[in-house]
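Asker: Got a structure here, written out as structure tokens. Questions coming.
The values are calculated or read from the model by the stated rules, or taken from the named source; none is laboratory data. The structure displayed is predicted, hence computed values, not measured ones. Methodologically, a virtual Cβ is constructed for each residue, glycine included, from the backbone with ideal geometry; neighbour enumeration extends over all protein chains shown. Quick note on the areas: whole protein, heavy atoms, side chains included, nothing else; ligands and nucleic acids left out. Shrake-Rupley method; radii C 1.70, N 1.55, O 1.52, S 1.80 Å.
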Amino acid sequence: MSKLPVLFLSREAEQLGSARLLRQQCAAGIFTRVAPGVYVDRAEWTGLNDDDRYRVRVRAAASRSAPGSQFSHDSAAAMLRLPSIGAWPARVHELVAPAAGGTSRRGILRHGLGLDPRATEIDGVCVTSIERTVIDVACTTTFVRSVAMIDQALRPEREGEPRWNLGIPLATKPGLLTLIDELDPYRGLVSARRAVEFADGGAGSPAESLGRVQFHALRLPPPELQVPFFDDRGLIGYADFYWREFDLIGEVDGRSKYGPQRHFQRGIPLEELLWQEKQREDRLRAAVRAFVRLDWAALNDRSGLASRMSQHGLRRK
């Protein structure tokens with residue numbers, strides 16, 4: 001889990017008598033402002049990815065909020081290290097009691113939906129439970145983005161993955177469906193139920209979740225997920241997608257496999273990792289009738305994906 005930069009608060013600088021120094025360092029470009037009265041080291045900020053930048057903004061909002069504040073929706077999802085298909089929002093989301101209404105303040109969108117009794121704390125921020133978080137998100141965003149988050153909430157984390165050290169219990173489908181019943185009549189629960197029913201903890205990455213949604217939208221046969229394959233040398237690996245009727249393997253390429261932020265084999269040079277993957281692919285190709293690689297571009301092009309999969313016999317049901 002990446003370490004987030006230290007927050008420097010103007011109110012603390014005032015109390016310590018160093019407000020003038022903080023202003024001078026900001027003017028010199030040493031610090032950058034991430035929220036009113038909250039600053040971080042500019043060099044550290046520049047080196048952060050979009051996920052961590054949003055997490056910093058959530059922590060900054062928490063530092064300005066009253067004790068007991070709960071952060072929710074996308075803000076909780078980011079702190080829980082759930083993936084976002086598409087950009088994180090510009091504002092931070094906070095839960096408040098229904099009587100408080102849904103009023104907002106600068107940079108913070110407040111939802112008068114009631115506090116979560118199963119809230120947890122991550123990086124010093126009180127956030128809604130993983131179950132409440134994915135339901136809140138699923139009530140307010142697209143189907144594919146909801147499914148990607150719920151898939152990951154259902155999937156056991158492996159060592160090296162973002163949620164490995166958080167100690168957060170897995171979500172379960174029965175638990176999510178029960179929570180939907182408890183939250184009724186919140187707006188968007190029909191969409192949330194649809195996403196939960198479609199979700200599958202076997203999906204290994206957001207790109208695989210996207211693929212599942214696209215196959216469903218195209219009315220193509222659904223694949224089996226993470227199917228093990230063997231040859232005379234033993235276990236080859238687990239195929240992302242497998243269509244048994246067509247003896248077809250589909251493998252998804254993405255940043256989680258090869259990018260600088262990849263979750264596994266980070267101690268192996270990229271050149272060696274690619275060589276190992278080529279050997280694995282050669283063995284998989286020899287084990288089945290057909291093999292197809294799918295990257296983000298291919299998965300986002302629905303018509304192109306339909307044409308490509310039809311070449312392997314997959315057509316609308």
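Asker: About the Cα centre, and with charges only on the beta carbon of Lys, Arg (+1) and Asp, Glu (-1), how big is the dipole of the chain? Nearest 20 debye, please.
Answerer: 880
Asker: Given a Förster distance of 30 angstrom, what is the FRET efficiency for Arg244 paired with Leu177, based on the Cβ-Cβ distance and rounded to 0.05?
Answerer: 0.60
Asker: I need the per residue convex hull volume for the range 1-49, using only the alpha carbons, in cubic angstrom as a whole number.
Answerer: Given the Cα convex hull of the range 1-49, per-residue volume reads 73 Å³.
Asker: Can you show me the helix-derived [θ] at 222 nm for the chain, built from DSSP H runs with n ≥ 4 at -39,500 (n - 2.57) apiece and divided by the number of residues, rounded to the nearest 500. Kindly include the intermediate steps, with their values, before the conclusion.
Answerer: Working: 14 runs with 133 residues, N = 317.
Counting only the DSSP helices, I get -12000 deg cm²/dmol.
Asker: Right, another one. Give me the number: length gained by fully extending Arg293 to Leu166, i.e. 0.36 nm times residue separation minus the C-alpha to C-alpha distance, one decimal in nm.
Answerer: 42.5 nm
Asker: If you don't mind, there's one more thing I want to ask. Give me the dipole magnitude in Debye, nearest 20, for the range 40-185 about the Cα centre, with unit charges on the beta carbon: positive for Lys and Arg, negative for Asp and Glu.
Answerer: Its charge dipole is roughly 440 debye.
Asker: Within the set of other residues whose C-beta is less than 14 Å from the C-beta of Leu80, count the net charge using Lys and Arg as +1 and Asp and Glu as -1.
Answerer: Numbers: positive: Arg55, Arg59, Arg81, Arg118, Arg132, Arg155, Arg163; negative: Asp51, Asp52, Asp74, Asp116, Glu121, Asp123, Glu131, Asp136, Asp151, Glu157, Glu161.
Combined, the nearby Lys, Arg, Asp and Glu give -4.
Asker: In addition: Send over a whole-number figure in Å² for the accessible area per residue of the chain, probe 1.4 Å.
Answerer: 50
Asker: At Arg302 and Leu16, where each label point lies 7 Å from the Cα along Cα→Cβ, what is the point-to-point distance in nanometres?
Answerer: The two pseudo-label positions are separated by 5.3 nm.
Asker: Rounded, prolate or oblate: pick one for the range 105-156, where a ≥ b ≥ c are the square roots of the eigenvalues of its C-alpha gyration tensor, a/c under 1.5 means rounded, and failing that, prolate if a/b is larger than b/c, else oblate.
Answerer: Here the range 105-156 falls in the oblate category.
Asker: Can you give the translational diffusion coefficient of the range 1-143 in µm²/s, computed by Stokes-Einstein from the Kirkwood radius over Cα pairs at 10 °C and 1.306 mPa s? Numbers along the way, then the final one.
Answerer: On the way: Rh = 15.9 Å.
Answer, rounded: 100 µm²/s.
Asker: I would also like to ask the following. With label points built 7 Å along Cα→Cβ from the Cα atoms of Ala28 and Glu224, find their separation and express it in nm.
Answerer: Rounded to a tenth, the inter-label distance reads 6.3 nm.
Asker: By the scheme Lys and Arg +1, Asp and Glu -1, what is the net charge of all other residues having a beta-carbon under 11 Å from that of Leu95? Write down the numbers at each step before the final one.
Answerer: On the way: positive: Arg110, Arg132; negative: Glu94, Asp116, Asp136.
Here the count lands on -1.
Asker: Then there's this: Need one word for the range 125-234: rounded, prolate or oblate. Basis is the Cα gyration tensor (sqrt eigenvalues a ≥ b ≥ c); a/c below 1.5 gives rounded, then a/b vs b/c decides. Walk me through the numbers before you get to the answer.
Answerer: On the way: a/c = 2.36, a/b = 1.35, b/c = 1.75.
It is oblate, given that a/c is not under 1.5 and a/b is not larger than b/c.
Asker: Which log10 I(q)/I(0) values does the chain give at q = 0.13 Å⁻¹ under the Debye formula, counting every alpha carbon as one identical point scatterer?
Answerer: Debye intensities relative to I(0), on a log10 scale: -1.01.
Asker: Please give every one of the aspartates and glutamates within straight-line cross-link reach of Lys173, meaning a C-alpha to C-alpha distance under 18 Å, and leave out same-chain neighbours fewer than 8 residues apart.
Answerer: Of all the aspartates and glutamates, those that pass the test against Lys173 - Cα under 18 Å, at least 8 places apart if same chain - are Glu131, Asp136, Asp151, Glu157, Asp181, Glu182, Asp184, Glu197, Asp200.
Asker: Report the full-extension gain for the segment Ser310 to Val190: residue separation times 0.36 nm, less the Cα-Cα distance, to one decimal in nm.
Answerer: Going from the current span to full extension adds 40.0 nm.
Asker: Could you please state how large a percent of the accessible area of the range 1-157 is carbon and sulfur, counting protein chains only and using a 1.4 Å probe?
Answerer: The C+S portion of the solvent-accessible surface of the range 1-157 is 52 percent.
Asker: Hey, can you rank 191-202, 29-40 by average C-beta count inside 10 Å, highest first?
Answerer: Taking the mean over residues of other Cβ atoms within 10 Å, the ranking is 191-202, 29-40.
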